[in-house]
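The values are calculated or read from the model by the stated rules, or taken from the named source; none is laboratory data. For clarity, every value in this text was computed on a predicted model and none was experimentally measured. Cβ placement follows ideal geometry from the backbone for every residue including glycine, while neighbour counts extend to all protein chains displayed. SASA here: full protein model, heavy atoms, side chains in, ligands and nucleic acids out. Shrake-Rupley method; radii C 1.70, N 1.55, O 1.52, S 1.80 Å.
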Amino acid sequence: MYRYDEFDAAFVADRLNQFSDQVQRRLSGELTEEQFRIHRLMNGVYLQLHAYMLRIAIPYGTLSPRQLRKLAHIARRYDKGFGHFTTRQNIQFNWPALKDIPEILGELASVEMHAIQTSGNCIRNVTADHFAGAAADEIEDPRPYAEILRQWSSIHPEFTYLPRKFKLALSGSPHDRAAIQVHDIGYQLVKNDKGETGFAVYVGGGLGRTPMVGHKIRDFLPTKDLLAYTQAIVRVYNLEGRRDNKYKARIKILVHEKGFEAMRAAVEAEFEADKSELLALPQSEVERISAYFAPPALPERAAQSQALETRRASDHAFAAFVDVNVSKHRQAGYGLLTISLKPIGGIPGDATAEQMELVAELAEKFGHDEIRVSHEQNLVLPHVALDDLPAVYDALAAQGLATANAGLISDIISCPGMDYCSLATARSIPVAQRISERFADGPRAKDIGGMKIKISGCINACGHHHVGHIGILGLERKGVETYQLTLGGSGDESCTLGDITGPGFSYEDVVDAIETVVDTYIGLRSTPDEDFLSAYRRVGMAPFKKALYERDSGSEI
Amino acid sequence: MPLYKNGSFVQDQWTTIPEGEAMSPAGHVIVPLTWWQAERQAFDDSHVPIGVRIDPGIAIDDFIADLSRFALIALVIPKFQDGRAYSTARLLRERHGFKGELRAVGEVLIDQIQPMLRCGFDAFEITDPVTQAALETGRVPGVTHFYQPGVNEAPKAGARPWLRQAGR
């Protein structure tokens, strides 16, 4: 993985000094809270419902065991012994004291981590496919380009006061696991007909109050133009994006109001006008950074593992775990292991210090020192020998980390909701917990098959409910929580926004409503292999609506 | 109004003419763009130094044809969170080769001085007393390592290869 050189380390130290100075000036009254707020946010410090919250970047979701141990240490020493992994490959600590934050940032700097630009109206933490560098279907590892974007966007003098936040995501595979079409800019690595590598570029996607799927602005962008083209997009946005209303300030609104063709023309004109070649990526530099991401030397192994098959035959729980949580690796005899942070009835994305330390240890022993954080709020060991899976499974099970539900109905994305967030209008976590308990990770969940449920506790949509196969949006109506359902959303390469079923459901009834949707699907699927999303796309909303609103219970609001 | 330039507060040689106020084309005046567009005839014969004030939202294309006539461009920062002028400044310097004074006016605060300098501003009208006090001590907070090219900056040793001095 990427290692800081002296320059990178000096930069982070610089930034820490700058922020410590700003904290001092705030404390002395030189900076007003309004003036300070913007600096604290650009260093990841939020003021939440109960306390300050610190959001730490995990660029493109890649972590070393040393870094994960440090996060465990921070959880234990400065927080309540756990951390929360987010949908943007960050980790949040919900209970640090403000006075400790410079010290925490110092601890992070010692393992080449930081909280720079995890908030604020700037270019945020750059995210990428959590299976990068290991997936069987990958064209090229997107992380070197993500790292280049990370560096270029760090304290960018021109782009630090954008109209609103700005999110970049990259995918190196045709199957999009990074939800690039719901980002401000999404980059998909592709090959052209000459066999050259470049990017298909999407612009103007986003969720929130006004969800939009990104438009493909370029079919093929040569990799050397990555920064110049990104600069062109961000510059057009910086100059033309709305600043009169924060809810209309994202680039998706500019694209919508200006019109996509006009936006494309403006971006292409800006890109063409920039003749300086200043930002052209030298191939030597791409290669230098790519070398950091070279795949580990994985010894050759048989495609079939005797150890795995023997255990599988005698242990149903292990068999289910392997079937559900292990994805196809590009090299025979290895697997990509998803460690679910969605224990049945638990809080999605939370991990204790002990769990983090265990995963760090397993990565060292069995995982070639690599850990990933997925935007689905799980951890991944990207290079595990199939032969080692029994040992890894046993260790995970001992720490409550062997839930066999990756990609299944109880692998729920949820925002923190009213339990932590000052913006939330409804509870999310308890809804996720109840759904998780209802369907669990047993044979029923497996029979339901691939299912992404996503829950947001307000219209800001941090839980990405618009792109959930089933989306749940918690709202407040006359002082009472009500939950609106959407069906058929998807954040992958077939990106679509879900359709609203109709009137919302009460906190008490929402889980029954989900069950009605699931039972309706089971009843109408053409074969057991037709997953929910495919079935929904085939039959549409009508049967689900009928089942939901023509029930006898009369529970709808 | 205190004017900060080249590391210290200096005497302002320019007079700013507010919107709607009458004036004769005496030179060393900063006028609103609309005024310039309406009254430019009066200046065409005089060849005195003229400055123009550009509000955010005005596209460069609206005044670029007259760039050679301006000795000074004042870019208005209505609120410190408004970043439009940063892009305008870079475009004026890097793409259009503007060599005159590029002045930031409006809500210019101490923590924005460094990024503004890096985008090509070279003069700052300071209204905030805390910012003025800080600048009087010679202190411009910021960082010393950059991942991007800045206007008129020589790259530091160890910097990224694509971080090169902007062409001027």
Original post:
Residues of segment B:15-54 being open to solvent by 70 Å² or more (accessible area, probe 1.4 Å), part of a loop (DSSP other than H, G, I, E, B) and within 27 Å of A:Asp244 (Cβ to Cβ), which ones?
Top reply: B:Glu19, B:Gly20
**OP:** Among the strands (runs of 3 or more DSSP E) lying completely within segment A:339-415, list those that include at least 1 residues that are in the same structural domain as A:Arg427 (by TED's automatic domain parsing) and modelled with pLDDT under 95.
**Re:** none
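In the list B:Arg69, B:Arg84, which residue meets the criterion of being within 12 Å of chain A (Cβ to nearest Cβ), among the charged types (D, E, K, R) and either buried (at least 19 other Cβ atoms within 10 Å of the Cβ) or in contact with a helix residue (DSSP H, G or I) (Cβ under 8 Å, 6 or more places away or on another chain) (or both)? Walk me through it before giving the result.
Working: B:Arg69 fails: within 12 Å of chain A (Cβ to nearest Cβ).
Just a single option satisfies the conditions, and that option is B:Arg84.
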Subject >> Selected residue (criterion: most open to solvent (accessible area, probe 1.4 Å)) from residues of segment A:118-137 that are closer than 18 Å to A:Leu47 by Cβ and within 14 Å of chain B (Cβ to nearest Cβ) >> reply: A:Asn121
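Results for (1) more than 9 Å from every other protein chain (Cβ to nearest Cβ); (2) closer than 14 Å to B:Leu75 by Cβ, shown as yes or no for each residue.
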{"position": "B:Val105", "(1), (2)": "yes, yes"}
{"position": "B:Leu109", "(1), (2)": "no, no"}
{"position": "B:Ala123", "(1), (2)": "yes, yes"}
{"position": "B:Pro129", "(1), (2)": "yes, no"}
{"position": "B:Glu136", "(1), (2)": "yes, no"}
{"position": "B:Val143", "(1), (2)": "no, no"}
{"position": "B:Asn152", "(1), (2)": "yes, no"}
{"position": "B:Pro155", "(1), (2)": "yes, no"}
{"position": "B:Ala159", "(1), (2)": "no, no"}
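Please indicate, with yes or no, whether at least one residue in segment A:419-427 is outside any loop (DSSP other than H, G, I, E, B) and open to solvent by less than 40 Å² (accessible area, probe 1.4 Å).
No; the residues of segment A:419-427 include none that is outside any loop (DSSP other than H, G, I, E, B) and open to solvent by less than 40 Å² (accessible area, probe 1.4 Å).
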**OP:** Could you tell me whether any residue of segment A:145-166 is more than 14 Å from chain B (Cβ to nearest Cβ) and either open to solvent by 10 Å² or more (accessible area, probe 1.4 Å) or farther than 26 Å from A:Lys224 by Cα (or both)?
**Re:** no
Original post:
Could you list, in sequence order, the residues of segment A:4-29 that are open to solvent by less than 30 Å² (accessible area, probe 1.4 Å), without any contact (Cβ under 8 Å) to a residue 60 or more places away in the chain and in contact with a helix residue (DSSP H, G or I) (Cβ under 6 Å, 6 or more places away or on another chain)?
Top reply: A:Gln22
Original post:
Does A:Ala228 qualify as being part of a helix (DSSP H, G or I), within 14 Å of chain B (Cβ to nearest Cβ) and open to solvent by 10 Å² or more (accessible area, probe 1.4 Å)?
Top reply: yes
**OP:** Pairs only if they're at least six apart or on different chains, beta carbon under 9 angstrom, first in segment A:163-189 and at pLDDT 95 or above, second of a type in the set (Ser, Thr, Tyr) and part of a loop (DSSP other than H, G, I, E, B); list them, first residue then second.
**Re:** A:Lys165/A:Ser119; A:Asp176/A:Ser494; A:Arg177/A:Ser374; A:Ala179/A:Thr87; A:Gln188/A:Ser173; A:Leu189/A:Ser173
Subject >> Every residue from segment A:240-263 that is surrounded by fewer than 19 Cβ atoms within 10 Å (Cβ to Cβ) and among the basic types (Lys, Arg) >> reply: A:Arg242, A:Lys246, A:Lys248, A:Lys258
**OP:** Can you confirm whether segment A:136-146 contains a residue that is without any contact (Cβ under 8 Å) to a residue 12 or more places away in the chain, assigned to a helix (DSSP H, G or I) and either under 28 Å from B:Arg160 (Cα atoms) or not aromatic (Phe, Trp, Tyr) (or both)?
**Re:** no
**OP:** Give the residues of segment A:30-73 that are touching a Lys or Arg at 6+ places or on another chain (Cβ under 7 Å), within 14 Å of chain B (Cβ to nearest Cβ) and surrounded by 19 or more Cβ atoms within 10 Å (Cβ to Cβ), sorted by residue number.
**Re:** A:Leu31, A:Pro59
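Step by step: first the residues of segment B:89-103, then only those that are within 7 Å of chain A (Cβ to nearest Cβ) and either basic (Lys, Arg) or free of Cβ contacts under 8 Å to residues at least 40 places away in the same chain (or both), then the one that is surrounded by the most Cβ atoms within 10 Å (Cβ to Cβ). Which residue is that? Don't jump to the end; show me each part of the working.
Pass one, segment B:89-103, residues within 7 Å of chain A (Cβ to nearest Cβ): B:90, B:94-95.
Filter again for either basic (Lys, Arg) or free of Cβ contacts under 8 Å to residues at least 40 places away in the same chain (or both), leaving B:90, B:95.
On the way: B:Arg90: 22, B:Arg95: 17.
Here the answer is B:Arg90.
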**OP:** Return the only residue of A:Arg235, A:Arg243 being assigned to a loop (DSSP other than H, G, I, E, B) and either of a type in the set (S, T, N, Q) or at the interface with chain B (Cβ under 10 Å from one of its Cβ atoms) (or both).
**Re:** A:Arg243
**OP:** Could you figure out which of (1) part of a helix (DSSP H, G or I); (2) acidic (Asp, Glu); (3) farther than 14 Å from A:Val431 by Cβ isn't true of A:Glu515?
**Re:** (3)
Subject >> Enumeration of residues in segment A:364-402 that are touching a strand residue (DSSP E or B) at 6+ places or on another chain (Cβ under 7 Å), open to solvent by 20 Å² or more (accessible area, probe 1.4 Å) and on the phi < 0 side of the Ramachandran plot >> reply: A:Phe366, A:His375, A:Glu376, A:Leu386
